[in-house]
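*Asks:* The following block contains the structure, expressed as structure tokens.
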Amino acid sequence: MVRCGSVWFRKYGNFIDNLRLFTRGGSGGMGYPRLGGEGGKGGDVWVVAHKKMTLKQLKDKYPQKRFVAGEGANSCVNALKGSRGKDCEIPVPVGISVTDENGKIIGELSKEKDRILVAEGGLGGKLLTNFLPLKGQKRVIHLDLKLIADIGLVGFPNAGKSSLLSQVSHAKPAIADYAFTTLQPELGKIVYNDFRQISVADLPGLIEGAHMNKGMGHKFLKHIERTRQLLFVVDISGFQLSSQTQYRTAFETIILLTKELELYKEELQTKPALLAVNKMDLPGAQDMFHVLMNQLQNPKDFLHLFKKNMIPERTVEFQHIIPISAITGEGIEELKNYIRKSLDEHANQENEHEQGRGRERGRHRI
């Protein structure tokens, strides 16, 4: 962990957002026919949420990725009712979605200590089973992180997302000054003076056509779903993927990013969003920023410049727009403060909404 200015920084290790595991409930114990004794039930396999756990830690601790519960004890003269087999608990991070081999959702773990039964133990032998025990349930499960970070960085390649992540969190993503794109999520944490932690994810770079699974496509957009809020990062001077593709201004970039999110899943546009306008150290950046602000304040006056199929149904309303330079550090402290403020504002709104729903439910009970 490194101290830099007024904020502490920490970097995550190699990031894993999904795992495939084999699970099996324990077999039941043998019954005792002569005395009518029942064998113990086999143990169950549970997935249990823990705040400080990561999927990488789980994989490192259990490289075989096999989880088998204990067998039930046999019935005997001294104990006609055999004891139950030991349950097996799989520790996973909060924010996990558990699915079976066919993609059917078994359950979700949204908070600490949430638990899901994934493989049931077999019954012990008794009269109904001719005193023979049953085997435990076998199941292959998939663990997927629903929430990978508080903030997800959204932008086309070369917008400066990786440079920004390294500025705010001292993560060390690969950085290149050409149309390079991150190939897997890179995570960092901002740790403030009061030890409040906010996680930030630099996600695989979006390109036009991502909703059709071009480039990193759906993989990128799947990660976006798993962040609380979005931070759009755009280059003030615009973007051009290659000499064969069209040049886009900063405003056009924002409109196209919005359209890609909408075409994949409209709900993504309802996430709270901030905008970081990067590379403000470039010559003429201030003039370009004033033009951009005018376009963002009056978007409908400029949408006629786009082809109809490129215009989103609704434009994103940014909570805050912050001019920055990931190279010089300009605006970075303000950005970190706005990120914290935005997350706190929406957490308060959600709490008030939940309390309102609770009161409403209470009135219905009376």
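*Asks:* If you average the alpha carbon positions of the range 110-136 and of the range 275-309, how far apart do those two centres end up, in angstrom?
*Replies:* One Cα centre to the other: 60 Å.
*Asks:* Further, regarding this structure: Which trypsin sites (Lys or Arg not before Pro) in the range 285-357 pass both tests, a DSSP loop state and at most 14 other beta-carbon atoms within 10 Å?
*Replies:* In loop regions of the range 285-357 (DSSP not H, G, I, E or B), the sparsely surrounded trypsin sites (Lys or Arg not before Pro) are K307, R314.
*Asks:* Convex hull over the Cα atoms of the range 37-106, averaged projected area in nm²?
*Replies:* Values: hull surface 25.6 nm².
Computing the convex hull of the Cα atoms and averaging its projections yields 6.4 nm².
*Asks:* Quick one: length gained pulling N351 to R34 fully straight, 0.36 nm per residue minus the C-alpha distance? It would help to have the intermediate numbers written out before the result.
*Replies:* Numbers: separation 317, 0.36 × 317 = 114.12 nm, distance 6.07 nm.
Full extension from N351 to R34 adds 108.1 nm.
*Asks:* For a quick protection proxy, order the peptides 324-332, 257-265 by their average other-Cβ count within 10 Å, most packed first.
*Replies:* 257-265, 324-332
*Asks:* Ignoring everything but the protein chains, give the 1.4 Å probe accessible area of S342 in square angstrom, nearest 10.
*Replies:* Using a 1.4 Å probe on the heavy atoms, I get roughly 0 Å².
*Asks:* With the cut-off at 18 Å, tell me which of the pairs K113/K189; K259/K308; K86/K111; K56/K104; K86/K135 have Cα atoms farther apart than that.
*Replies:* K113/K189; K86/K111; K56/K104, as the Cα separations exceed 18 Å there.
*Asks:* What full-extension length gain, to one decimal in nm, is calculated for Y247 and D87 as 0.36 nm per residue of separation minus the Cα-Cα distance?
*Replies:* Full extension of this stretch gives 51.7 nm more.
*Asks:* Moving on to the next point. Can you work out D for the range 289-358 in µm² s⁻¹ from Stokes-Einstein, where Rh is the Kirkwood radius over C-alpha pairs, the temperature is 4 °C and the viscosity is 1.567 mPa s?
*Replies:* Answer, rounded: 85 µm²/s.
*Asks:* In nm, give the distance between the simple-model label positions of N78 and Q286, each being 7 Å from the Cα along the Cα-to-Cβ direction.
*Replies:* My value for the distance between the label points is 8.8 nm.
*Asks:* May I ask you to rank R20, R248 by accessible area, largest first, using a 1.4 Å probe over the protein chains only?
*Replies:* I get R20, R248, largest accessible area first.
*Asks:* Of all chymotrypsin sites (Phe, Trp or Tyr not before Pro) in the range 274-322, which ones are in loop regions per DSSP and have a Cβ with at most 16 other Cβ atoms within 10 Å?
*Replies:* Qualifying residues, ordered by number: F302, F306.
*Asks:* Tell me the net charge near V48. Cut-off is 11 Å between Cβ atoms, V48 excluded, with +1 for each Lys or Arg and -1 for each Asp or Glu.
*Replies:* Values: positive: K113, R115; negative: D87, E89, E112, D114.
Residues close to V48 contribute a combined charge of -2.
*Asks:* Okay, moving on. May I ask you to rank H304, H320, H223 by accessible area, largest first, using a 1.4 Å probe over the protein chains only? Kindly include the intermediate steps, with their values, before the conclusion.
*Replies:* Numbers: H304 135, H320 30, H223 0 Å².
Output order, biggest surface exposure first: H304, H320, H223.
*Asks:* Further question: Leaving out ligands, DNA and RNA, and with a 1.4 Å probe, what % of the accessible surface on the range 20-172 is carbon or sulfur?
*Replies:* With neighbouring chains kept in place, the figure for the range 20-172 is 51 percent.
*Asks:* I need the peptides 57-68, 21-32 ranked by packing, meaning the mean over residues of other C-beta atoms within 10 angstrom, with the highest value on top.
*Replies:* Working: 57-68: 14.0, 21-32: 24.4.
The packing order, highest mean first, is 21-32, 57-68.
The values are calculated or read from the model by the stated rules, or taken from the named source; none is laboratory data. The structure displayed is predicted, hence computed values, not measured ones. Positions of Cβ are generated from backbone atoms using ideal geometry, with glycine treated the same way; all protein chains shown enter the neighbour counts. The accessibility values were calculated without ligands, DNA or RNA, using every heavy atom of the protein model including side chains. Shrake-Rupley method; radii C 1.70, N 1.55, O 1.52, S 1.80 Å.
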